[in-house]
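> Sharing a structure, written as C-alpha cells. Questions coming.
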Number of protein chains: 2
Amino acid sequence: MPTIADKGRRMPPSPIRKLVPYADAAKARGVEVLHLNIGQPDIETPQVVRDRMRTLDLKVVEYSHSAGLEGYRRKLAAHYTAQGIAVSHDQIIITTGGSEALLFGFMSCFDPGDELIVPEPFYANYNSFATAAGVKVVPVRSTIDSGFALPPVKDFEALITPRTKGILICNPGNPTGYLYSRAELEALREIVLRHDLYLFSDEVYREFCYDGAEHISALTLPGLEQHVVMVDSVSKRYSMCGARIGAFVSRNKELMATVLKFAQARLSPPTFGQLASEAALDTPASYFTEVIGEYKQRRDLLVEGLNRIPGVKCPLPKGAFYCVAELPVDDADAFCQWMLEQFHHEGRTVMMAPATGFYSEPGPGRSQVRLAYVLHKDKLRQAIDCLAQALPQYTAVRKGAVAAGSV
Amino acid sequence: MPTIADKGRRMPPSPIRKLVPYADAAKARGVEVLHLNIGQPDIETPQVVRDRMRTLDLKVVEYSHSAGLEGYRRKLAAHYTAQGIAVSHDQIIITTGGSEALLFGFMSCFDPGDELIVPEPFYANYNSFATAAGVKVVPVRSTIDSGFALPPVKDFEALITPRTKGILICNPGNPTGYLYSRAELEALREIVLRHDLYLFSDEVYREFCYDGAEHISALTLPGLEQHVVMVDSVSKRYSMCGARIGAFVSRNKELMATVLKFAQARLSPPTFGQLASEAALDTPASYFTEVIGEYKQRRDLLVEGLNRIPGVKCPLPKGAFYCVAELPVDDADAFCQWMLEQFHHEGRTVMMAPATGFYSEPGPGRSQVRLAYVLHKDKLRQAIDCLAQALPQYTAVRKGAVAAGSV
C-alpha cells in the first residue's frame with residue numbers, strides 16, 4: 001500500500017469541525033445543538049441574488065475567464081472604488097472563495113521554509129494553507145487582556161529573520177472580532193516597508209463593523225502598492241458562503257501575473273457563483289443597515305451574557321461576528337466535548353469551537369473558545385443559559401473526579 | 001519590492017490560452033476565429049439542470065459538507081455503481097472541478113521531489129498541479145505512429161526510481177483522444193502492484209467513446225483498492241464546465257481521510273454547482289445518445305478532413321473530443337501564431353493549441369497541434385478549409401523568408 005505524503009500527514013484537521021461526531025450523537029439522542037461553533041450565518045441572502053438565479057437560463061454553463069467574468073470584475077472594481085479602495089478590474093482575480101486567494105497568494109509569494117508572521121489567535125485554516133504551500137507560520141501573540149489588539153511593533157521585530165517574507169492579518173478578525181485602528185495599520189506599514197514584506201490583509205468581514213467604528217483597508221495605506229494583497233469573499237457579506245466566490249486584489253503587476261498562472265491551471269472560478277456575486281453588488285444599502293444592526297444586537301446580547309457568567313471573560317469585539325471568551329476551565333477542548341456528550345439544559349446544549357485550534361501551540365487557547373453570533377437572539381439567549389448552567393456543573397464534576405482519583 | 005516565489009516563477013503559463021492576445025487582435029480586425037484550441041463544448045447543458053436552477057430558491061446559500069452534499073454523493077455513488085464502478089458515498093469527495101481533485105490528490109500522495117510517470121503528450125495542467133505540489137513529472141513517450149497507445153511496460157520500468165510514487169493516466173485521453181484497452185490497463189495494474197504506486201486515472205471524458213468501444217475504469221481493476229484514485233468532473237459530461245464540480249474517488253480510507261483535511265481547509269465545494277450536478281444525474285440516456293452521435297460525426301469529419309490535407313497526419317481517436325495532428329511545419333507554435341496574425345480565408349481563421357504545451361520538453365510536439373471538435377460541423381468544415389489553404393501558403397512564405405535570409 002503506497003504511503004501518504006508527509007504534507008498530507010501534517011495537514012491539520014479542522015478544529016471547527018472536529019467535534020461534529022459528538023454533535024451528531026447528541027442530536028441522535030434528541031438534544032438540540034446550538035451551533036455557535038461555525039460562521040454559517042442564518043441571515044438571508046439578498047433578494048436580488050435569489051431573483052437573479054431564478055431568471056438565469058444558461059444554455060451552456062461555460063467556463064469564465066480564469067481571472068473571472070470581466071463584467072463582474074469591472075463592477076467589483078467600481079464597488080471597491082466607491083468604498084475608497086481605488087482599484088481597476090485588472091487588479092482583481094476572482095477566486096473560488098477567499099480560501100483559494102490565500103492558497104494562490106501563498107504559493108506565489110512564499111517559498112517552502114519562508115516565514116509568515118500572523119497575529120495569534122488566528123483563523124485556523126491559515127495553518128492549512130501554509131502547510132499546503134510549505135510556509136512556516138510564525139505567531140505573534142495578542143492577548144485577551146488587551147482585547148486582542150495588535151501586538152507592539154517590538155514583538156514583530158523580535159520575530160523577523162532572514163526568512164520572514166510576509167505578515168498576514170485578518171481585519172476585522174476571525175476569531176477575535178478585533179478591528180485594527182489607523183495607528184495599528186500605520187505601525188504594520190512601517191514594519192512591512194522596513195523589511196520589504198508582503199502584507200496579506202484578509203478583509204472578508206469588512207462590512208461588519210459596530211459602534212460607528214471605521215474599517216480601514218490595507219489597500220488604502222500609501223506606499224504599499226507592491227506589498228499589499230487584499231483577500232476578499234462574498235461568503236459572509238451577502239450570507240452566501242456556498243457561492244464560493246472570493247477575490248485576490250493587488251496592485252503588484254508581477255504578482256498578479258503569477259497568481260493568474262495558478263488561476264489558469266484550475267481554468268475558471270464557479271460561473272453560477274460569479275453571476276450570483278455580480279447580482280449581489282446591487283444589494284440595497286438598507287440590507288446592510290438591517291443586517292449590521294441585527295449582528296450588533298446579537299453581539300451585545302452574547303458578550304454581555306457571557307460576562308455575567310462567573311469566571312467568564314469576553315472582550316467586546318468591534319467587527320466580524322465572532323468573539324473569543326475565556327472560560328473557568330483548564331481544558332476547553334474537553335469542556336466543549338463534555339457539553340456535547342454529557343450535558344443538556346432543557347433539552348439543549350451548545351457547540352463551540354475550542355480556541356486551541358486558533359493558536360499555533362497550546363497555551364492561552366486552552367481555556368478559551370470561539371463563539372459565532374450567527375444565530376437568532378432567542379437561540380443566543382438559550383446558549384447563554386446553557387453555559388451558565390453547564391460551567392458550575394462541569395466544575396463540580398471535575399472536582400468530584402479529582403477527589404475520586406479518576407482523572 | 002518583495003520577490004516572487006520560485007514556485008510561482010516556475011508555474012507554467014497555460015499553453016491553451018497563451019495565444020489569446022493574437023486571437024483578440026484578429027477579432028478586432030474583423031476576422032472570425034474558429035476556436036479549436038479549447039475544450040469548451042457548444043453542446044447545451046441538459047434541460048433537467050436548467051429547470052432545476054430556475055426553480056431553485058435558496059433562502060441562505062449555505063456551505064455544504066466539506067466532502068460535498070451527502071445527497072449528491074449518495075446519488076453519484078449509485079450512478080457509478082450502475083455503471084459497474086461499485087463505490088459508496090464515503091469513497092467520494094466532491095471537489096471544485098477535476099482540477100482540485102488532482103491538486104488535493106498530489107498533495108496527499110506525493111512529497112516534494114517524488115516522481116509521477118505520465119504518458120506523454122498529456123493534459124498541460126498536470127504540469128501545473130505537479131509544480132504546485134512540488135512533484136516531478138516523468139514523461140513516458142507515446143507516439144503518433146502508434147496512435148498514442150500506452151507505451152510498452154519496459155518503457156515504464158526504465159523510468160522507475162526509488163522516488164517513483166505514482167502513474168497518472170487520462171482515459172480517454174486529453175489531448176490524444178486515446179482510449180486504453182483492457183490489456184493496457186492490465187499492464188498498468190502489474191506495474192502499479194510491482195512497485196506499490198498510486199494510479200491516478202483521470203476519467204472525465206468517460207462517456208465519450210466511439211465505434212462501440214468500451215471504457216474501462218481503473219476502479220474496476222482488481223487488487224488496486226489501495227492504489228487507484230479516479231478523478232472525475234461534470235464539466236464535459238453535461239457540458240457544464242462553469243459549474244466547477246468534480247470528484248475524488250478512492251477506496252483507500254487513509255487517503256480519503258487525508259484529502260478530507262485539504263477539503264475542510266477550503267470549507268466547501270460550490271453549492272449551486274453541486275445542486276446543478278445532482279440534477280444532471282437525471283439526464284435521460286437519449287441526451288448522451290444524441291451528444292455522442294454528434295461528437296462522433298464531428299470527429300469523423302475533422303479527422304478525415306485533416307488527413308486529406310497533404311502532409312497532415314491525424315490518428316482516429318476512440319474517445320474524448322480532441323485529436324493531435326502532425327502538420328508539415330517545423331514549429332507549430334509559430335504556425336498557430338501566424339494563423340492568427342497573418343492569415344485568413346474568407347474572413348476566417350483557426351485557433352489551435354500548439355502541442356508543445358502537452359509535452360514536458362520540445363520534441364515531437366514541435367510539429368503537432370491539439371484540435372478540439374466542440375464546434376458545429378459547419379464550423380469544422382470551415383476550419384478544415386482554412387487549414388488546407390493556410391499550410392501551403394505558410395510553407396511558401398517560410399521558403400521565401402529563408403531565401404531572403406530573413407529567418
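> With r defined as the distance between the Cβ atoms of A:Glu254 and A:Ala403 and R0 fixed at 45 Å, what FRET efficiency is calculated, to the nearest 0.05?
Working: r = 65 Å, r/R0 = 1.44.
Approximately 0.10, to the nearest 0.05.
> Under 11 Å from a label point 7 Å along Cα→Cβ of A:Thr395: give me every residue in the range A:305-340 with its amide N that close.
A:309-312, A:328-329
> Averaged over peptide B:69-79, how many Cβ atoms belonging to another chain are found within 10 Å of each residue's Cβ? List each step's numbers first, then the result.
Numbers: counts 1, 0, 0, 0, 0, 0, 0, 0, 0, 0, 0.
Average per residue, whole number: 0.
> If you fit an axis through the alpha-carbon atoms of helix A:97-109 and take the longest principal axis of the Cα set of chain A, what angle between them do you get, 0 to 90°, nearest 10?
So the helix axis and the longest Cα principal axis differ by about 70 degrees.
> Shifting gears a bit: Between rounded, prolate and oblate, where does the range B:307-367 land on the alpha carbon gyration tensor, with a ≥ b ≥ c its root eigenvalues, rounded for a/c under 1.5, else prolate if a/b exceeds b/c?
Numbers: a/c = 1.67, a/b = 1.24, b/c = 1.35.
Taking the square roots of the gyration eigenvalues as a ≥ b ≥ c, the range B:307-367 is oblate.
> For A:Met1, place a label point 7 Å out from Cα along the Cα→Cβ vector, do the same in each other copy, and report the separations in nm, one decimal, smallest first.
5.0
> Under a cut-off of 24 Å between alpha-carbon atoms, report the lysines in cross-link reach of B:Lys399, not counting same-chain residues fewer than 8 places apart.
List returned: B:Lys313.
> Angle, helix A:377-403 long axis vs. longest principal axis of chain A, Cα atoms, 0 to 90°, nearest 10?
For A:377-403 against chain A, the angle is about 50 degrees.
> Also, quick follow-up: In nm to one decimal, list the spacings between the A:Ile160 label point and its equivalents in the other copies, with label points set 7 Å along Cα to Cβ, shortest first.
5.3
> Sticking with this structure for a sec: Using only helices, what value at 222 nm comes out for chain A when you add -39,500 (n - 2.57) per DSSP H run of length 4 or more and divide by the total residues, to the nearest 500 deg cm²/dmol?
Values: 13 runs with 161 residues, N = 407.
Result for chain A, helices only: -12500 deg cm²/dmol.
> Could you give the dipole magnitude of the protein assembly as shown about its Cα centre, charging the beta-carbon of Lys and Arg +1 and that of Asp and Glu -1, in debye to the nearest 20? Spell out each step's value before the answer.
On the way: 88 positive and 90 negative charges, 19 e Å.
Around 100 debye, computed over the protein assembly as shown.
> Further question: Counting each pair of different Cα atoms once, what's the Kirkwood radius of the range A:62-280 in Å, rounded to one decimal? Provide the component values of the computation, followed by the final result.
On the way: mean 1/r = 0.0575 Å⁻¹.
Radius from the Kirkwood sum: 17.4 Å.
> Could you work out, residue by residue across A:243-253, how many beta carbons of other chains sit within 10 Å of that residue's beta carbon, and then give the average as an integer? Provide the component values of the computation, followed by the final result.
On the way: counts 9, 13, 1, 0, 0, 0, 0, 0, 0, 3, 0.
Rounded to a whole number, the mean comes out at 2.
> For the charge dipole of chain A, defined by +1 on Lys and Arg C-beta atoms and -1 on Asp and Glu C-beta atoms about the Cα centroid, which residue among A:Leu301, A:Tyr63, A:Pro317 has the Cα displaced farthest towards the positive pole?
Towards the positive end, the residue furthest out is A:Tyr63.
> From the square roots a ≥ b ≥ c of the eigenvalues of the alpha-carbon gyration tensor of the range B:217-301, which class results: rounded (a/c under 1.5), prolate (a/b over b/c), or oblate?
Taking the square roots of the gyration eigenvalues as a ≥ b ≥ c, the range B:217-301 is oblate.
> Sequence neighbours fewer than 8 away in the same chain don't count; with that in mind, list the lysines whose C-alpha is under 19 Å from A:Lys154.
A:Lys165
> Can I ask one more? Which residue fluctuates most in the GNM of chain A (Cα springs below 10 Å): A:Leu188, A:Leu36, A:Leu58?
Evaluated over chain A, the most mobile residue of the options is A:Leu58.
> Find the eigenvalues of the gyration tensor of the Cα atoms of chain A, then list the square roots of 5 times those eigenvalues as equivalent ellipsoid semi-axes, largest first, in whole angstrom. Don't skip to the end; give the middle numbers.
Numbers: eigenvalues 246, 132, 91 Å².
Listed largest to smallest, the semi-axes of chain A are 35, 26, 21 Å.
> For the range A:355-407 and the range A:43-90, compute the distance between their C-alpha centroids and round to whole Å.
41 Å
> Please order A:Ile4, B:Ile160, B:Ile16 by the number of other Cβ within 10 Å, starting at the fewest.
By the 10 Å Cβ count, ascending: B:Ile160, A:Ile4, B:Ile16.
> Which value, in debye to the nearest 20, describes the size of the charge dipole of the range A:62-280 about its Cα centre when Lys and Arg Cβ atoms bear +1, Asp and Glu Cβ atoms bear -1, and nothing else is charged? Let's see the in-between values first.
Numbers: 19 positive and 24 negative charges, 77 e Å.
Using only the charged Cβ atoms, the result is roughly 360 debye.
> Something else: In the range B:47-280, what % of DSSP beta bridges are antiparallel (nearest 5)? Intermediate results must be reported in sequence, preceding the final value.
Numbers: 8 of 26 bridges.
About 30 percent, rounded to the nearest 5.
> For B:Lys261, go through the lysines and keep the ones whose alpha-carbon is under 19 Å away, minus same-chain ones fewer than eight residues off.
Once the sequence-local lysines are set aside, what remains near B:Lys261 is A:Lys7, A:Lys18, A:Lys136, B:Lys253.
> Quick one: of the DSSP bridges fully inside the protein assembly as shown, what percent are antiparallel, nearest 5? Can you show the working numbers first?
On the way: 36 of 80 bridges.
Within the protein assembly as shown, antiparallel bridges account for around 45 percent of the total.
> Kindly write out, for the range B:172-182 in residue order, the coupling ³J(HN,Hα) from the Karplus curve 6.51 cos²θ - 1.76 cosθ + 1.60 (θ = phi - 60°), rounded to whole Hz, with x marking Gly and Pro.
Whole-Hz 3J(HN,Hα) from phi for the range B:172-182: x, x, 10, x, 8, x, 6, 10, 6, 7, 4.
> Which distance in nm do the two modelled labels at B:Ala82 and B:Gln297 give, with both placed 7 Å along the Cα-to-Cβ direction?
2.7 nm
> Continuing with this model, one more query. I'd like to compare B:80-92, A:201-213: which one has the highest average count of other Cβ atoms within 10 Å, and what's the full order after that? If you can, show how the numbers build up before the last one.
Details: B:80-92: 16.1, A:201-213: 20.0.
Going by the mean number of other Cβ atoms within 10 Å, highest first, we get A:201-213, B:80-92.
> Can I ask one more? With unit charges on the beta carbons (Lys and Arg positive, Asp and Glu negative) and the dipole taken about the Cα centre of the range A:62-280, which residue among A:Val137, A:Ala279, A:Leu179 sits farthest to the positive side?
With unit charges placed on the Cβ atoms, the residue in question is A:Ala279.
> Just to confirm the number: angle between the C-alpha axis of helix A:70-82 and the first principal axis of chain A, 0 to 90 degrees, nearest 10?
Long axis of A:70-82 versus the principal axis of chain A: about 70 degrees.
> Could I ask something else about it? Looking at chain A as a GNM with Cα springs under 10 Å, which of A:Lys253, A:Lys236, A:Lys318 has the largest mean-square fluctuation?
Result: A:Lys253 has the largest fluctuation of those listed.
> Let me ask something else about it. Under the rule a/c < 1.5 gives rounded, and otherwise a/b versus b/c splits prolate from oblate, where does the range A:325-407 land using the Cα gyration tensor?
Working: a/c = 2.42, a/b = 1.16, b/c = 2.08.
Judged from the Cα gyration tensor, the range A:325-407 comes out oblate (a/c at least 1.5, b/c at or above a/b).
> To the nearest 0.05, how large is the calculated FRET efficiency for A:Gln47 and B:Thr55 if R₀ is 22 Å and r is the Cβ-Cβ distance? Write down the numbers at each step before the final one.
Values: r = 17 Å, r/R0 = 0.76.
Rounded to the nearest 0.05, the efficiency is 0.85.
> Just tell me how shielded B:234-241 is by partners: mean number of partner chain Cβ atoms within 10 Å of each residue's Cβ, no decimals.
Working: counts 1, 4, 0, 0, 1, 4, 7, 8.
That works out to 3 on average.
> Only residues of the range B:1-26 count here: report those whose backbone N is under 17 Å from the spot 7 Å along Cα→Cβ of A:Asp90, or say none.
Residues B:18-26 fall inside that zone.
> Here is a further query. What would the Debye formula give as log10 I(q)/I(0) at q = 0.11, 0.19, 0.21 Å⁻¹ for the alpha-carbon point model of the range B:1-132, no solvent?
Treating every Cα as an identical point scatterer, log10 I(q)/I(0) equals -0.73, -1.26, -1.29.
The numbers here are math on the coordinates, done by the rules we state, and not lab data. None of these values were measured; they are calculated from a predicted model. A quick note on method: Cβ atoms are made from the backbone with ideal geometry, for glycine too, and the neighbour counts reach across all protein chains shown.
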